[in-house]
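The values are calculated or read from the model by the stated rules, or taken from the named source; none is laboratory data. Not measured: the values here are computed from a predicted model. Cβ: placed from backbone, ideal geometry, glycine included. Neighbour counts: every protein chain shown.
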Amino acid sequence: MMGVALRRLASALPVLLLVSLITFGMMRLIPGDPAAAIAGLSATPQQVAQIRADLGLDQPFLQQLVHWYGGLLQGDLGRSILMGRGVFAVTMERLPVTLGLSAYALVLTLLIGLLCGIAAALKQNTIIDQLAMVFAMIGISVPSFFLGLVMIIVFAVHLGWLPTGGYVPFAQDPWGWFRSVTMPAISLALLQAGLLARITRSTMLEVMRQDYIRTARAKGLPYHQVVFRHALANALIPITTVVGIIISLLLSGAVVTEALFSIPGIGQLLTQAVLNRDYPMVQGGLLLVTGFLVLVNIGIDLLYAVLDPRVRYE
Amino acid sequence: MSLLEIRNLTTAFGTESGQVTAIEDISFGIEPGEILGIVGESGSGKSVTALTVMGLLPRPPAKILSGSVMFDGQDLTKLSERQLQKIRGPGIAMIFQEPMTSLNPVFRIGEQIMETIRAHERLSPRALRDRAVQLLAKVGIPSPERRMDDYPHQLSGGQRQRVMIAIALACNPRLLIADEPTTALDVTIQAQILDLLMDLRDELGMAIMIITHNMGVVAETADRVLVMYAGRIVEQSPVERLFDAPLHPYTRGLLDCVPSLEHDRPRLVAIPGSLPEPARRPSGCRFRPRCAHAAPACAETLPILAERAPAHAAACIRLPEIAAAMAEPA
Ligand SMILES: Nc1ncnc2c1ncn2[C@@H]1O[C@H](COP(=O)(O)OP(=O)(O)OP(=O)(O)O)[C@@H](O)[C@H]1O
Ligand SMILES: [Mg+2]
C-alpha cells in the first residue's frame, strides 16, 4: 500500500513540472505588464522600467524560469507582486476557505447523488426513478451561476433567509459560516450531484444483475443486506473513480461560485492575480492547487485498493 | 411423502412481443435423499424451473401463471419474499453454473460462508468460524483454515465451485439445486465435483436436483431423470431405464449424441434443427418439426405425459409406431 502511494507520488512530479511550465509560459504570453499595473496610470516610463527591473522582469525568459525553479528547489514560491507577501502564506490563508466550501459541496453531492441514484436503481421504471432522473437532469443542465443567481433572488433578496453574499470564517462563527456558504455549496453541488446520481443508478443496475447478487439472494440473505452490503460494496468501486473527478471539478467550479457570492477563496485570489498579471502569485498558487489535487487523487487510488481486493493484491 | 412436489407449474415472461411461457404444466416430485436429473437443450426451461422453485426470478418480467410448489407443507409460490428468505439456505439451497462470477469478489470466502449461517442461526463468532472451516474441509479445500481469508480471485474455478457448495451446505439444506454445476469446469474437475455431490448426498441425506445438458452427468449421478423440451417435460424415468429403453424420440436423439463405448466408433448424431423460441413454438407436439417419426396427427394435439411402464412416462402419441420401426432391422 505504501509502495503504491510512493510510486504515485513519484509519477506526479512530471505533472507538477508540466503545469508549472505551462503557467509560467502562459503568463508571459498574454499581453499586459505587472509593472505598469503596480505603477499606476500617472507613472512615467522610467518609473515603470525601474519597477520591471526590480521584479526581474527585464531579464530573458529562460533566466526568469531558472530563477523561479531555483527558488522552488529551496522551497520558496516567491512573493506576490500585488500584495508584497509570500505566495505560500497568502495561498494557505485562502485555500481553507475554498476547501471548506468544496467539502460542504462534496457532502451534498454524495448525499444527493448516492441517495437518488440508489433509489432510482432499486425502483427502476417507477415514479421514484423518474423523479430522481428529472432532478438529475435539471442539476446537469442548469448552469451553476444561473442557479446561484436564482437562489440569491429567492432566498436572500425575497425571503431573507440567507445572506446575499459575503463570507464568515468558520473559526469566528460556525453558524454564520454555514449560512454564508450554503447557497454557494448548493449551486456548486447540484451539477455534480446530477452526474453522480446518474452514474450511481446505472452502476447499481449493472451490479444488481450480477451472478453474485443472485447467490446472495439464494443464500436467504435479507434484501437490505443484498443491496447495501453485496451490491453497494461493488458499486462503490467505479463510483470512487467518479468521485475523484468530482472533487477536481468542485475545486475548479469554486472559482465561478466564489466570484458570484464574493467569497474570498483561492478562486477569487487567483482571478485577481491573473487580472493584475501578478505572475508569482498565479504560478505559485496554481502549483499548490495542482499539488493538492494530485494528493487527492493518490488518496482516491488508495481508497480504490481498500475497496477492491483484486487491485490490492496485484 | 415427497420432499418437493411441483404441480402443473407454468411460468411466463412478459416480453416486447407479449407474454411467452418459459415452462408449461410442469409436474414432478423429489423424494428425500433422491438425486433427480433434469436434462434438455439450452433454452428448454431447466433454469426457469429451478429459479421458480427458489423464488429467484425477477417479477416482473416473470410471472407464475398457475400451479403449486409444495415444500414442507407450504406452497412456495404463495409465500412472501421474507418467508422465502427463511427457506433459502436451510430448506433449499442452490449452486450455479458460473463459479467464476457467482462469488462476491470483494468479500473473503470465509465471510461469504459465515454470513449465510448468520442469516439463519445464532452462533458465537468462534463457533461460526469453526463451522465455516469445517465446511471448507468437507468440500475438499486444502488447508481450509488459511483459505478462509482468501478472496475469490485467489481461487481456481474448481475451488470456487467447492466454495459455492460449502455456502449451499452451510445451513444443512434438505434440497440442493445444482444448475449445471460442472459445465464451466474442465473434465477432471467436473468428475471431482460430481463425486463430491454424491458423497455429500450419502453423508447428509439431502436430495439433489441436478440440471445439465450432459447425458453423461445424468448417467453418473442421477437416480431418476426428467427430460425437458421447449418448456415441457417430455419423458420421465428411472435412470437405468432411460438409458436402456428410452421412449420419446427426443430422448433417443439426446442419447445418440452421447459417445458410446459399446459401439465400434462413437455415434455422434446431432438432432437436426434447433429448439424453437418460446414465441415461435409449433402447434401440437413441440418436437414435431425435428422428429423423424412425425405424422399429421402430431400437429393436432399437445401430447400429454402418460405412464407407459412403472415410473416411466413419456409425452408422445406415436410410441407404438416408433417401437415397431425400431424393432425392424434397418
Ligand atoms: N429473464 C428472462 N426474460 C425473458 N425470457 C427469459 C428470461 N429468462 C429465461 N427466459 C426464457 O425462458 C426459456 C427457458 O430458459 P432457461 O434459462 O430456463 O433455459 P435452460 O434450459 O436453463 O437453458 P441453458 O441450458 O442454456 O441454461 C428461454 O427460452 C429463455 O429465452
Ligand atoms: Mg440454465
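Of all residues in region A:128-156, those satisfying the criterion of being under 18 Å from residue A:262 (Cβ atoms), without any contact (Cβ under 8 Å) to a residue 40 or more places away in the chain and out of contact with any Gly (no Cβ under 9 Å at 6 or more places or on another chain) are A:146, A:150, A:151, A:153, A:155. Just checking, which of B:20, B:48, B:53 is away from every other protein chain (no Cβ under 13 Å) and closer than 17 Å to residue A:217 by Cβ? Checking each option against the conditions leaves just B:48. Take the conditions (1) hydrophobic (A, V, I, L, M, F, W, C); (2) at pLDDT 90 or above; (3) under 30 Å from residue B:117 (Cα atoms); residue A:305 misses just one of them, which is (2).
The residues listed here are A:70, A:32; of these, the one that is of a type outside the set (A, V, I, L, M, F, W, C) and modelled with pLDDT of 80 or more is A:70. Under 18 Å from residue A:189 (Cα atoms) and among the hydroxyl-bearing types (Ser, Thr, Tyr) - does that describe any residue in region A:113-127? Taking every residue of region A:113-127 in turn, none turns out to be under 18 Å from residue A:189 (Cα atoms) and among the hydroxyl-bearing types (Ser, Thr, Tyr). Out of (1) under 24 Å from the mean Cα position of the chain (by Cα); (2) closer than 22 Å to residue B:142 by Cβ, what's the single condition that is false for residue B:78? Going through (1) under 24 Å from the mean Cα position of the chain (by Cα); (2) closer than 22 Å to residue B:142 by Cβ one by one, residue B:78 breaks only (2). Taken over region B:99-111, the criterion of being assigned to a helix (DSSP H, G or I) and either within 9 Å of chain A (Cβ to nearest Cβ) or in contact with a strand residue (DSSP E or B) (Cβ under 7 Å, 6 or more places away or on another chain) (or both) is satisfied by B:100, B:101, B:102.
Condition check ((1) under 23 Å from residue A:227 (Cα atoms); (2) surrounded by 22 or more Cβ atoms within 10 Å (Cβ to Cβ); (3) touching a strand residue (DSSP E or B) at 6+ places or on another chain (Cβ under 7 Å); (4) more than 14 Å from chain A (Cβ to nearest Cβ)) across all residues:
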| site | (1), (2), (3), (4) |
| --- | --- |
| B:74 | no, no, no, yes |
| B:79 | yes, no, no, no |
| B:92 | yes, yes, yes, no |
| B:113 | yes, yes, no, no |
| B:144 | no, no, no, yes |
| B:168 | yes, yes, yes, no |
| B:177 | no, yes, yes, no |
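Looking at region B:7-25, is at least one residue in contact with a Leu (Cβ under 7 Å, 6 or more places away or on another chain), within 22 Å of residue B:174 (Cα to Cα) and not in a loop (DSSP other than H, G, I, E, B)? No; the residues of region B:7-25 include none that is in contact with a Leu (Cβ under 7 Å, 6 or more places away or on another chain), within 22 Å of residue B:174 (Cα to Cα) and not in a loop (DSSP other than H, G, I, E, B). Among the residues of region B:277-289, those that are surrounded by 15 or more Cβ atoms within 10 Å (Cβ to Cβ) and touching a residue at least 40 places away in the same chain (Cβ under 8 Å) comprise B:278, B:281, B:286, B:287.
Residue pairs whose Cβ atoms lie under 6 Å apart, separated by 6 or more positions or on different chains, with the first residue in region A:2-21 and within 12 Å of residue A:294 (Cα to Cα) and the second of a type in the set (Asp, Glu) and surrounded by 11 or more Cβ atoms within 10 Å (Cβ to Cβ), are A:8/A:301.
Taking (1) within 16 Å of ligand 1 (Cβ to nearest atom); (2) under 17 Å from residue B:231 (Cα atoms) in turn, residue B:7 satisfies each apart from (1).
All of (1) within 16 Å of ligand 2 (Cβ to nearest atom); (2) assigned to a helix (DSSP H, G or I); (3) farther than 20 Å from residue B:210 by Cα hold for residue B:58 with one exception: (2).
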